[in-house]
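Peer 1: Handing you a structure now.
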Amino acid sequence: MKKHICIIHTGGTIGMVKSSHGYQPKEKYLEIVLDTISDLKSTEMPKISFYEMSPLLDSSDMAVDDWNRIGEEIAKRYDTYDGFVVLHGTDTMAYTAAALSFMLEGLNKPVILTGSQIPLCEIRSDGQDNLVTSLLIASSGKINEVCLYFGGRLLRGNRATKMSADGLLAFDSPNCPRIAEAGISIRYLPYNPPKTDTGCAFSLCKLKNVPIGVLKIFPGISFPIFDTLMTEKLKGIVLETFGAGNIPGEGHSLLPIIERAFNAGSVVTVCSQCPQGTVTLGAYATSSALTEAGAVSGYDMTTEAAVAKLYYLFSKGYSKEEIKEKMEENLRGELTK
Ligand code: ASP
């Protein structure tokens, strides 16, 4: 029997039109454009239903409540459809993909996020291939997790990161093999499904808007300025450190700030500024002090995944100790130890 896939349109360039202020989403427009695409009517395509969220958003405007709304739309339709394709702006697509991978507990169906760099209404749009291929992947029966498809690459959602502001191969997952590559045909690569809470029934965990901060370390950073920011008000802090988890050491005052934030209840997670490779706390003297100050390793997690995971774990109501433990655990294929 033909698979039935639901397209959920959240906004983003794919359905935008030019306005006097630049591109912006247009309500009740994309469905009409999709109706003119003959590939979508091919017998090789699954049965498709379309749902448009309101308001449509440029993804730079998305926040936790918007992730909850997308999660709710999927949850409402979970039993009706074989899979979902979420149309989304590219700017924060990797954050939403990571968030959904945690929020959709017990997920046993494909949820593929995609969009485009050039609107569908313009020549040379990458939107048609991204959408058509995402629909074929969602109906392939081969994937049952949150993925991001873009420019011929199918990536694990919580491993993806936006690599290019203007290229059509805009995303990659440098720390996790691609799940499939689409050229003349769609080639599924050797695949390790994420260790998930399989066996559990599907349910949606809505996220709470807990205060999270990301601090990128740079040479010459003046830590006292951050002293007033890194207080107990920040529940989760992602430190984007140099290389394998290094911060400026001697003579700098970050460690007491981290220690104080930790003692006041914050969970400090160490990620790397390098897109590829892993944090190894203790490999250098400049990182071992971080562990002593109470920070946890984000290993090879993207900042996007670390932020989404902090929101998720705080929303589950775990204690600080439990959150510290789970930040270092592989919950949905988001990290390799
Ligand atoms: N600003 C747009 C968005 O993220 C960019 C895009 O979709 O490519 O919604």
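Peer 1: Per Stokes-Einstein, at 37 °C and 0.692 mPa s, what whole-number D in µm² s⁻¹ belongs to the stretch 201-337, with the Kirkwood radius over Cα pairs as the hydrodynamic radius?
Peer 2: 220
Peer 1: When the Debye formula is applied to the Cα atoms of the stretch 63-130, each taken as the same point scatterer, what base-10 log of I(q)/I(0) results at q = 0.12, 0.16, 0.19 Å⁻¹?
Peer 2: Reported log10 I(q)/I(0), two decimals: -0.35, -0.59, -0.78.
Peer 1: Counting only helical runs of four or more DSSP H residues, what would the 222 nm mean residue ellipticity of the chain come to if each run contributes -39,500 (n - 2.57) and the total is spread over all its residues?
Peer 2: It lands at -7500 deg cm²/dmol.
Peer 1: Taking the alpha-carbon distance from LYS337 and a cut-off under 19 Å, which lysines remain once sequence neighbours fewer than 8 residues away in the same chain are dropped?
Peer 2: LYS195, LYS309, LYS324, LYS326
Peer 1: What ranking, highest mean first, results for peptides 234-243, 60-69, 93-102 when packing means the other Cβ atoms within 10 Å averaged over each residue? Intermediate results must be reported in sequence, preceding the final value.
Peer 2: Working: 234-243: 21.4, 60-69: 16.7, 93-102: 28.0.
By packing density, highest mean first, the sequence is 93-102, 234-243, 60-69.
Peer 1: List the relative contact order of the chain as a percent without decimals, with contacts defined as Cα pairs under 8 Å and 6+ residues apart.
Peer 2: Relative contact order of the chain: 15 percent.
Peer 1: Nearest 5 percent is fine: what portion of the DSSP beta bridges confined to the chain is antiparallel? Spell out each step's value before the answer.
Peer 2: Values: 18 of 50 bridges.
Approximately 35 percent, going by the DSSP bridge assignments.
Peer 1: I would also like to ask the following. Using Cα centres only, tell me the gap between the stretch 169-183 and the stretch 217-240 in whole Å.
Peer 2: Using only Cα atoms to place each centre, the spacing works out to 32 Å.
Peer 1: Shifting gears a bit: For ILE7, ILE225, which order do you get if you count the other beta carbons within 10 Å of each Cβ and list the fewest first?
Peer 2: Placing the least packed residue first, the sequence is ILE225, ILE7.
Peer 1: Another one. Regarding the chain, what whole-number volume in Å³ per residue does the convex hull of its Cα atoms give? Don't skip to the answer; put the middle values down first.
Peer 2: Working: hull volume 47.8 nm³, N = 337.
Enclosed volume per residue, from the Cα hull, is 142 Å³.
Peer 1: Note the count of lysine pairs whose C-alpha atoms are less than 16 angstrom apart in the stretch 1-130, limited to pairs 8 or more residues apart or on different chains.
Peer 2: Lysine pairs meeting both conditions in the stretch 1-130 amount to 10.
Peer 1: Per the Cauchy relation, a quarter of the hull surface: what is the mean projected area of the convex hull of the alpha carbons in the stretch 175-234, in nm²? The partial results should precede the final answer.
Peer 2: Working: hull surface 36.5 nm².
Projected over every direction and averaged, the Cα hull of the stretch 175-234 covers 9.1 nm².
Peer 1: For the stretch 1-53, compute Rg over Rh where Rg is the Cα radius of gyration and Rh is the Kirkwood radius from the inverse mean 1/r over Cα pairs.
Peer 2: That ratio is 1.05, to two decimals.
Peer 1: Could you give the distance between the Cα centres of the stretch 30-68 and the stretch 274-312, to the whole Å?
Peer 2: About 36 Å separates the Cα centre of the stretch 30-68 from the one of the stretch 274-312.
Peer 1: Same structure, new question: Just to check, using Stokes-Einstein with a Kirkwood Rh over alpha carbon pairs, what's the diffusion coefficient of the stretch 1-144 at 25 °C and 0.890 mPa s in µm²/s? The partial results should precede the final answer.
Peer 2: Numbers: Rh = 15.2 Å.
Translational D for this selection: 161 µm²/s.
Peer 1: Still on this structure, please answer the following. How large is ³J(HN,Hα), in whole Hz, for each residue of the stretch 122-128 in order, when computed from phi with the Karplus curve 6.51 cos²θ - 1.76 cosθ + 1.60 and θ = phi - 60°, using x for Gly and Pro?
Peer 2: 9, 5, 6, 5, 8, x, 5
Peer 1: Given contacts defined as C-alpha pairs under 8 Å and at least six residues apart, what's the relative contact order of the stretch 250-304, whole-number percent?
Peer 2: The value is 41 percent.
Peer 1: Rounded to the nearest 0.05, what FRET efficiency do ILE184 and THR231 give with R0 = 45 Å and r taken as the Cβ-Cβ distance? Could you check?
Peer 2: About 0.25, to the nearest 0.05.
Peer 1: Now, a different point. I'm checking a number: the convex hull volume of the Cα atoms of the stretch 197-277, normalised per residue, in Å³. What is it? Don't jump to the answer; show the numbers that get you there.
Peer 2: Numbers: hull volume 10.9 nm³, N = 81.
Roughly 135 Å³ of hull volume per residue.
No lab work stands behind these numbers, since they all come straight from the coordinates. All figures in this text were calculated on a predicted structure; none of them were measured in a lab. Counting neighbours? That spans all protein chains shown, and the Cβs are built from the backbone with ideal geometry, glycine included.
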